[in-house]
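The values are calculated or read from the model by the stated rules, or taken from the named source; none is laboratory data. It should be emphasised that the depicted structure is a prediction, and the values quoted were computed from it without experimental measurement. Quick reminder, even Gly has a Cβ in these numbers, built from the backbone with ideal geometry, and neighbours come from all protein chains shown. Accessible surface is based on the protein model in full, side chains and every heavy atom, while ligands, DNA and RNA are left aside. Shrake-Rupley method; radii C 1.70, N 1.55, O 1.52, S 1.80 Å.
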Amino acid sequence: MSDDRRQQVVDGRTTLGIELGSTRIKACLVDEGLTPIAAGSYEWENEFVDGRWTYSLEAVETGLRAAYAALVADVEAQYDVRPSTYRAVGVSAMMHGYLAFDASDELLVPFRTWRNTSTGPAAERLSEALGFNIPLRWSIAHLYQAVLDDEPHVPEIASVTTLAGYVHRRLTGRNVLGVGDASGVFPIEGGPVDSGPGDPGSKDFDHAMLATAQDLIGVPDLRALLPDVLVAGEDAGALTADGAAWLDPTGTLEPGAPLCAPEGDAGTGMVATNAVAPRTGNVSVGTSIFAMVVLEHPLATAHEELDVVTTPAGDAVAMVHCNNGASEIASWARVFGRFAEASSARTGGTPPDIDSVYATLLAEAEDADPDAGGLLSFNYLAGEPVTHVEDGRPLLLRTPDARFTLGNLVRSEVHGAFATLAIGMDVLHGEQVQVDRMTAHGGLFRTPGTPQRLLAAALRVPIALEETAGEGGAWGIAVLASYLEHTDQQLADYLSDTVFGGDAVHVVDPEPSDVDGFQTYLARYRAALPVQDVAAAATRTVATTAAATRPSATTHPAEQTDGADPRLQAEEVTR
C-alpha cells in the first residue's frame, strides 16, 4: 500500500484539501480511495484591531504556506517524494465575515470575521426589508453597516468576498464562491421560506432580494460587487503559476490542478458527516456549537434563531448557530486535570492525560441526576444572539437544596453547552421539520458514550457518529474536490454510495428519562437567562481592565487557552 500511495503522489493522483479554521489551518492529502495519507497544520489566533476581530492577510499567507509545507514534509517523510501536482484541490474557510477590495484588489479595511457583532442595525433593517433573517455575521450585514456608519472605504469597494473566496482567487484568479459559502454572503434563490421569492431551479443570489437590498443600501450595482456562485462539481478554475508560487515558494508545486468551488466550513462539515440529503443534519461542537438540518420543504416564516443557508449542492439548510460551545467544559477539565496532576505529584503517582480526565469526568455524568440535580451552567464566554445576550459571562448557579455532586456538575456543564442549541432547535420542531438523525462531530465526541447520549436527549433526535467525521473540514473539501470527476452522480448519492458506503455508524436514540431531565433543566435555564445581563453589567469594567493587562489580550476570550485542546477544534469541520 505504501508503494502504491507513493506512486499516486508521483503521478499526481492524490487530492489536496485545505481549510482555514478559527484556531488552526489544516491541509489534508487523500489517496484515490479518499483515505487521508498526510496532513499539515498551523495554529493561529485572531486579533482585536480597532474594535473588531480580524486576521491579517499576511497571517493568512504565512499560515497557508506553513500548513502546506508541513503536509509536504509529512509526505516526504512517509514516501520519500515531494508532491508537485494533484488530481484536484479544494479550499474551505470559516464562513461569513467581510473582505472588501478596491479595483486594484487592495484590501480596504482589515478582514472582519464572523465573530464581530457590530452589525445589529444593518442586520435588523435588512431582515425586515427582505422578509428573511439576515444574521449579524453575514457579509451583506457588514457591507450595509459600513454604509450606515459612513465609512470612508465604501465608495472604493469593487468586490466583496469571504476568506475562502479570497484564497481561491489568489490560487486561480477566479472570483467565485461555492453556493454554501455564498449563502453566508447573501440569500440564495430557491424559496427557502414560503413567503420568499425565487425560482426553485436557481442556485444564485436571490435577484428580487438583491434589488430590494440595492435600493436599501444605495450602491449602484450590488450584484457586481459579489462573486459568481457555483454548485458542487462545477468548474471553478485551475491553479495558476502565480497561485502555485504563492502557496509553495519553493517552486516544487506546478500549476494546472483543477480546483473545486471554495466552500465555507459549514459546507465541508455537511460533507464530512454525510449530511447533505433532506431529513439529515449534523451538529458541530467546538468553541462554538451549531446544528445544520437539510430541509425537505420551505419554512413557513423567517425566524431570527435560524439562518437559512445551503448545502454545497444548493439545497436549503436551516442552521442554528451558537457562539459558545465546549470551552467551559474544557476549562473545568483543565482544573480537574491540574488537581489530578498536583495530587499525583504529592503521592508519587502518574498524572492522567487529558483524555483520561475527560473520560473520568464524563463517566461521573453518566449516572448523575437527569436534570443535573438543580445545578445550572452558562457557557457564555461571549455574547449569544440566539438568546439575545449581548455580553456573556460563564456562570455556575445552584439553589441551597441542589445536589452538588461531581456527576451533577459535569452533567450541568454538558447540558449548558447544549441548551442554547436546543432553544434554536425547538423553533424547527415548531415548523414540523422532520429529521431522521443528526450526525455529531467535534472533539467532545472523542470520549464515547455520555456526550452522544446527552445530545440525543437535548435535541430529541437520534445522534450518529461516523468513523470519518473526525477527519474534519480539510478532508471534507478534499472530498468535494474529488467530486469534480463524479458529477454523473448527485452529491448526496456520491457521498452515501462511494465515500461513506462501508463506514460504520454508531447511533444512539434519546432515552425518555434523559429527555425529561433535560427539559426540566432547560426550563430553569430559560428562566435564569436575565442573570446574564446582570452579571455582565456588574463585571464589565473589571473584565475590561483585566483583559487589558493580560499578555493574550488580542485573543478572543473563547480562545485564550483553548486552542491546544483537541475538543475545541470543531470549527475545522464546520461552523
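Cα centroids of region 373-439 and region 239-267: 41 Å apart. The calculated 222 nm mean residue ellipticity attributable to helices in the chain amounts to -11500 deg cm²/dmol, summing -39500 (n - 2.57) over DSSP H runs of n ≥ 4 and dividing by all residues. Placing +1 on the Cβ of every Lys and Arg and -1 on the Cβ of every Asp and Glu, with no other charges, gives the chain a dipole of roughly 1380 debye about its Cα centre.
How large a share of the accessible area of region 289-351, in percent, is made up of carbon and sulfur atoms when the probe is 1.4 Å and the other protein chains stay in place? Walk me through the intermediate numbers first.
Numbers: 1310 of 2500 Å².
Reported share for carbon and sulfur atoms: 52 percent.
Give the residue from Leu99, Gly33, Tyr79 lying farthest towards the positive end of the charge dipole for region 28-142; charges sit on Cβ (+1 for Lys and Arg, -1 for Asp and Glu) and the dipole is referred to the Cα centre. Checking the options against the dipole of region 28-142, the answer is Leu99. Considering only Ala402, Val515, Leu136, and ranking their Cα positions along the charge dipole of the chain that arises from unit charges at the beta-carbon of Lys, Arg, Asp and Glu, the one farthest toward the positive end is Ala402.
If you roll a 1.4 Å probe over the heavy atoms of the protein chains, what accessible area per residue do you get for region 62-180, in Å²? Don't jump to the answer; show the numbers that get you there.
Working: 3830 Å² over 119 residues.
Normalised by residue count, the accessible surface of region 62-180 is 32 Å².
For region 1-108, the fraction of 1.4 Å probe accessible surface lying on carbon and sulfur atoms is 42 percent.
Any idea of the accessible area per residue across region 279-360, 1.4 Å probe, to the nearest Å²?
Working: 3090 Å² over 82 residues.
Result: 38 Å² of accessible area for each residue.
Candidates Thr387, Thr498, Ala70 compared by Cα position along the dipole of the chain: farthest toward the positive end lies Thr387, with charges placed on Cβ. Magnitude of the charge dipole for region 1-156, about its Cα centre and with charges confined to Cβ atoms of Lys, Arg (+1) and Asp, Glu (-1), is about 460 debye. Carbon and sulfur atoms: what percent of the 1.4 Å accessible area of region 412-505 do they account for? Carbon with sulfur: 40 percent of the solvent-accessible area. Counting only protein heavy atoms and using a 1.4 Å probe, the accessible area of Tyr42 comes to about 70 Å². Per residue, region 369-453 exposes 35 Å² of accessible surface when a 1.4 Å probe is rolled over the protein heavy atoms with every protein chain present.
Summary of packing: across the peptides 475-482, 108-115, 51-58, 147-154, the per-residue average of other C-beta atoms within 10 Å ranks them, highest first, as 475-482, 108-115, 51-58, 147-154. This structure gives percent of Cα pairs over 45 Å apart, computed directly, and of [x] 29; [y] 12; [z] 35 that value is listed as [y].
Note on region 302-317 and region 121-136: Cα centroid distance 15 Å, given to the nearest whole angstrom.
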